[in-house]
Amino acid sequence: MSIRRFMINSRTVCDGIASLDGDVHNHMVRVLRLVAGDSVQLADEKGVVYSGVISQVTKERVAVGISSTLAASDGEPAAPKITICQALPKGDKVDLILQKGTELGAHDFRFFAGHRSVARIRDDQLNSKLERWNRITSEAARQCGRNDVPIVSWRPGALETARDSDQKLRLILWEDERECSLKKVLTAQVQPVSVSVAIGPEGGFDPQEVSSFSQNDFQPVSLGSRILRTETASIAILAIMHYIWDEI
């Protein structure tokens, strides 16, 4: 039987022991029925993988004795780190974007309130939303075998999102762009270390938002004649980029 892998926070490991509670404890003990003596692997948000054996199981915690550690690579990954800057969509589209985006290798997600976003988040909802969204990426990373977990964060608007981006290549998907295609941009340059892609909500970007991104070095690009749904755009862009850069 293959060794089970679990996503953890690096803070749970101290002096060669990982102390696990909450959702990880529940999954290990109540779902998988693991017991003392079972071997497991633990991967933290930094990409470090720990191998060990369960030494103790209580009602609230699981203790794992760490036997070996595989550090994250010190070099740059084979493919660029891709940040998805997503205007908040409505309904359960956020869940789909996070789940499939994690599977397709997104480095992180930055949601923001678009001018045309139908969905809105009150200030008193933000912390619980972020907690839930980060649980989704953690679970998706565990299921697809990733060693790292994409972080989900929030920006109040397009301008703040654009100003807070320092990736080497910055793109904004805009249906009104007529001159520059995504394919042309991606195939005309050396593979970048990092990429940021801005994607609009159901109603698309308004001109002021496009201007905000453009003034912060985001290049408008077109996906051709096809108009994709907002949740489809994020999935498509990740698959396209990883294909071009030999990850798929």
* With respect to Gln167, is the statement that it is crowded, with 19+ Cβ neighbours inside 10 Å, at negative phi, of a type outside the set (Phe, Trp, Tyr) and touching a residue at least 60 places away in the same chain (Cβ under 8 Å) true? -> yes
* Cβ-Cβ under 9 Å pairs, at least 6 apart or on other chains, the range 111-130 side open to solvent by 30 Å² or more (accessible area, probe 1.4 Å), far side of a type outside the set (Val, Ile, Thr) and assigned to a helix (DSSP H, G or I) -> His115/Ala158; His115/Gln208; His115/Glu209; Arg116/Glu209; Ile121/Lys129
* Name every residue in the range 7-36 that is open to solvent by 50 Å² or more (accessible area, probe 1.4 Å) and either in contact with a Leu (Cβ under 6 Å, 6 or more places away or on another chain) or part of a loop (DSSP other than H, G, I, E, B) (or both), in order of residue number. => Asn9, Asp15, Asp21, Arg33, Val35, Ala36
* Look through the range 56-86, keep the residues that are among the polar types (S, T, N, Q) and open to solvent by 70 Å² or more (accessible area, probe 1.4 Å), and return whichever of them is modelled with the lowest pLDDT. => Ser73
* Structure fact -> Residues of the range 20-53 being farther than 19 Å from Cys144 by Cα, of a type outside the set (Lys, Arg) and over 25 Å from the mean Cα position of the chain (by Cα), in sequence order, are Val29, Leu34, Val35, Ala36, Gly37, Asp38, Ser39, Gly52, Val53
* **Options Ile237, Ile199: the member that is closer than 18 Å to Phe109 by Cα and at pLDDT 95 or above** => Ile199
* Asked: Do we find a residue being in a loop (DSSP other than H, G, I, E, B), of a type outside the set (Asp, Glu), over 26 Å from Asp95 (Cα atoms) and open to solvent by less than 60 Å² (accessible area, probe 1.4 Å) anywhere in the range 193-211?
  -> no
* To do: Among what's in the range 37-55 and is charged (D, E, K, R) and open to solvent by less than 60 Å² (accessible area, probe 1.4 Å), pick the residue that is modelled with the lowest pLDDT.
  => Asp44
* To do: Having 1 or more residues that are of a type in the set (Asp, Glu) is the bar; report the helices (runs of 4 or more DSSP H) wholly within the range 118-188 that clear it.
  => 126-144, 158-163
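The values are calculated or read from the model by the stated rules, or taken from the named source; none is laboratory data. The structure displayed is predicted, hence computed values, not measured ones. All Cβ positions, even for glycine, are placed from backbone atoms using ideal geometry, and neighbour counts span all protein chains on display. For accessibility, only protein heavy atoms count, side chains too; no ligands or nucleic acids. Shrake-Rupley method; radii C 1.70, N 1.55, O 1.52, S 1.80 Å.
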